[in-house]
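K.L.:
What follows is a structure written as structure tokens; I'll ask about it next.
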Amino acid sequence: MENLKVPEVNPQEHPQMVKMAIMNADRSAALGVWLIVVPCYFLFCVFMYYFSHIRVGTSWFAAMFTLISSLDKTRYIDFLGPIIMVVLPIICIIINALAITHVGLQKEGRVQQLNITIKVKIWNILLILLSLAIVGIFIAYVMAENITVG
């Protein structure tokens, strides 16, 4: 026992080695789900309206589709559609990207190292990918609607 060496701990170096997450991964995943529920619901209703072949005016999908299209034509809330379809998924991407990114700064003499690590949290990564898909679908839709041939 006398020959064992006790490791030296430098109390000034220890706080620099701790990599802190910017946000909690579980909370950001729960918030991200709520941020993309509305766009996913809208996309589902539009998809079912066009592909269910139920053209009854009282169907749920037709009612949701007419509600969203009437919101787009209303003068003071016409900005609501782009906010729901673009801004909420982008906020979801930012929140979940911050939750899985860890940043640390190490000093060794004169050399400083910035370490950026990405933790693999499956729910956060799935929410980021789903949000990117929603934004991509909406941008492709807007581009396809506004292309004029002629």
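K.L.:
Tally Lys/Arg at +1 and Asp/Glu at -1 over every other residue whose Cβ is under 12 Å from the Cβ of T66; what's the total?
P.N.:
Local charge sum for T66: 0.
K.L.:
Aspartates and glutamates near K119 by alpha-carbon distance under 13 Å, same-chain residues fewer than 8 away left out - which ones?
P.N.:
D26
K.L.:
Let me ask something else. At a probe radius of 1.4 Å, what is the per-residue accessible area of F42, in Å² to the nearest 10?
P.N.:
Its accessible surface works out to 40 Å², give or take rounding.
K.L.:
Find how much the distance from V38 to E108 grows on full extension, using 0.36 nm per residue of separation minus their present alpha carbon separation; answer in nm with one decimal.
P.N.:
Computed gain between V38 and E108 is 20.4 nm.
K.L.:
Please arrange D78, D72 by accessible surface area, largest first, computed with a 1.4 Å probe and ligands excluded.
P.N.:
Heavy-atom accessible area, descending, gives D72, D78.
K.L.:
Follow-up question, since we're still on this one. Provide V135, V142, V111 ordered by accessible surface of protein heavy atoms (probe 1.4 Å), highest first.
P.N.:
V111, V142, V135
The values are calculated or read from the model by the stated rules, or taken from the named source; none is laboratory data. Just so we're clear, the structure is a prediction, and the values are computed from it rather than from any experiment. Glycine also receives a Cβ, built like all others from the backbone with ideal geometry; neighbour counts cover every protein chain displayed. Heavy atoms of the whole protein, side chains included, go into the accessibility calculation; ligands, DNA and RNA do not. Shrake-Rupley method; radii C 1.70, N 1.55, O 1.52, S 1.80 Å.
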